[in-house]
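Asker: One structure coming up, written as structure tokens, with questions to follow.
The values are calculated or read from the model by the stated rules, or taken from the named source; none is laboratory data. In this text, all values refer to a predicted model and were calculated from it rather than measured experimentally. Ideal geometry is used to build each Cβ from the backbone, glycine not excepted, and the neighbour counts take in all protein chains shown.
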Ligand SMILES: NC(=O)c1ccc[n+]([C@@H]2O[C@H](COP(=O)([O-])OP(=O)(O)OC[C@H]3O[C@@H](n4cnc5c(N)ncnc54)[C@H](OP(=O)(O)O)[C@@H]3O)[C@@H](O)[C@H]2O)c1
């Protein structure tokens, strides 16, 4: 299995805060000294990353597909060695469907957490497949959530975005096996970050969250081993209890009838 230790050039989206920033900083310290490219909207944060040797590329992932295609083309032209992508950018919003719901906000959350990830991956697959065909170890790493397994009604659409991304990641892994592209999924529990600032719940949640350093260490160990699913804390327990049993059935489906859809 490819390990993050094999990576020569890594893209991390959502690198201006929280989990993405921590993973960008840690991967940049790997003994293989990969080039790390970090993305986000906030230029001042990207400038801070450059002090740690991480190249910043400003990107709003909530862009139309032409803009994302241009971003990917520029990225690949400048970085023909790009072999690993970590798609970390994400937002979380509360919605109460008994009250008035801002459907534009629902759509934005789905776009950032799911469609932009699928679009970016789609545009990058031809490049990664070409590189993998030369024998390079290539990886696509998505970031889902413990809430992809058991939803929390306070953030219903967020949970749906992450469940969609989890399902997509499983199918993508099966589809890209032949192309020799490793597809991994990071499944965080509640982790210290800026994710909940927009909802004003950071103070409450900070009493329960996993410290970012602890989470990052666990994830880096999993990525170094080349694990397919890297879950930490409660997310590991939930994954093992509810998702792991699906793996055998899923493997049988893809082997016995890959053309079957319903
Ligand atoms: N922390 C948790 O408890 C937790 C639990 C499970 C899963 N996760 C997942 O982990 C990932 C990282 O979240 P985090 O907790 O580290 O949150 P965070 O501290 O708020 O960081 C979110 C990152 O996403 C970027 N981002 C948001 N909207 C963007 C946009 N439109 N375009 C480009 N970048 C955008 C932000 O950059 P800019 O604002 O600079 O654009 C920032 O770098 C997310 O996918 C999240 O769903 C987090």
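Asker: Taking region 2-20 as the search range and keeping residues that are over 13 Å from the mean Cα position of the chain (by Cα) and closer than 15 Å to residue 138 by Cβ, which one is nearest to the ligand (Cβ to nearest atom)?
Answerer: In the first step, residues of region 2-20 are kept if they are over 13 Å from the mean Cα position of the chain (by Cα); the result is 2-9, 16-17.
Then drop every residue that is not closer than 15 Å to residue 138 by Cβ, which leaves 2-9.
On the way: 2: 22, 3: 21, 4: 17, 5: 22, 6: 23, 7: 19, 8: 23, 9: 20 Å.
Ranking the candidates gives 4 first.
Asker: Next up: Which residues, taken from region 21-53, are within 18 Å of the chain's Cα centre (by Cα) and either part of a strand (DSSP E or B) or farther than 20 Å from residue 228 by Cβ (or both)? Explain how you work it out, then say what you get.
Answerer: Applying the first criterion (within 18 Å of the chain's Cα centre (by Cα)) to region 21-53 yields 21-28, 36-41.
Answer for region 21-53, where residues must be within 18 Å of the chain's Cα centre (by Cα) and either part of a strand (DSSP E or B) or farther than 20 Å from residue 228 by Cβ (or both): 21, 22, 24, 25, 28, 36, 37, 38, 39, 40, 41.
Asker: Does region 181-197 hold any residues that are within 6 Å of the ligand (Cβ to nearest atom) and either in contact with a strand residue (DSSP E or B) (Cβ under 9 Å, 6 or more places away or on another chain) or assigned to a helix (DSSP H, G or I) (or both), and which are they? Walk me through how you get there before you give the answer.
Answerer: Step one: of region 181-197, the residues within 6 Å of the ligand (Cβ to nearest atom) are 188, 190-191, 193-195.
Once the filter is applied, which keeps residues that are within 6 Å of the ligand (Cβ to nearest atom) and either in contact with a strand residue (DSSP E or B) (Cβ under 9 Å, 6 or more places away or on another chain) or assigned to a helix (DSSP H, G or I) (or both), region 181-197 yields 188, 190, 191.
Asker: Quick one: how many residues across region 89-111 are within 15 Å of the ligand (Cβ to nearest atom) and either touching a residue at least 60 places away in the same chain (Cβ under 8 Å) or buried (at least 20 other Cβ atoms within 10 Å of the Cβ) (or both)?
Answerer: 7
Asker: Here are some residues: 208, 215. Which one is under 20 Å from the mean Cα position of the chain (by Cα) and within 16 Å of the ligand (Cβ to nearest atom)?
Answerer: Working: 208 fails: under 20 Å from the mean Cα position of the chain (by Cα).
Being under 20 Å from the mean Cα position of the chain (by Cα) and within 16 Å of the ligand (Cβ to nearest atom) holds for just one of 208, 215, which is 215.
Asker: Scan (1) touching a residue at least 24 places away in the same chain (Cβ under 8 Å); (2) more than 22 Å from residue 247 (Cα to Cα) for the single condition residue 160 breaks and write down its number.
Answerer: Here residue 160 meets the rest and fails (2).
Asker: Does residue 29 satisfy the criteria of being surrounded by fewer than 16 Cβ atoms within 10 Å (Cβ to Cβ), modelled with pLDDT of 95 or more and more than 16 Å from the ligand (Cβ to nearest atom)? Lay out the reasoning, then the answer.
Answerer: Values: surrounded by fewer than 16 Cβ atoms within 10 Å (Cβ to Cβ): yes; modelled with pLDDT of 95 or more: yes; more than 16 Å from the ligand (Cβ to nearest atom): yes.
Yes: the conditions hold for residue 29.
Asker: Do the conditions hold for residue 160, that is, is it away from the ligand (no atom under 13 Å from the Cβ), at pLDDT 95 or above and either surrounded by fewer than 18 Cβ atoms within 10 Å (Cβ to Cβ) or within 24 Å of residue 111 (Cβ to Cβ) (or both)? Reasoning before the result, please.
Answerer: On the way: away from the ligand (no atom under 13 Å from the Cβ): no; at pLDDT 95 or above: yes; either surrounded by fewer than 18 Cβ atoms within 10 Å (Cβ to Cβ) or within 24 Å of residue 111 (Cβ to Cβ) (or both): yes.
Judged against the criteria, residue 160 is not a match.
Asker: May I pose another question? Just to be sure I understand the filter: pairs with C-beta atoms under 6 Å, separated by 6 or more residues or on different chains, first member in region 37-53 and closer than 15 Å to residue 23 by Cβ, second member near the ligand (Cβ under 8 Å from one of its atoms) and not in a helix (DSSP H, G or I). Which pairs pass?
Answerer: That search, which allows pairs on different chains as well, returns 38/15; 39/13; 39/15; 39/59; 40/15; 40/16; 45/16.
Asker: Looking at 142, 122, which one is within 15 Å of the chain's Cα centre (by Cα) and surrounded by fewer than 16 Cβ atoms within 10 Å (Cβ to Cβ)?
Answerer: On the way: 142 fails: surrounded by fewer than 16 Cβ atoms within 10 Å (Cβ to Cβ).
Going through 142, 122 in turn, just one is within 15 Å of the chain's Cα centre (by Cα) and surrounded by fewer than 16 Cβ atoms within 10 Å (Cβ to Cβ): 122.
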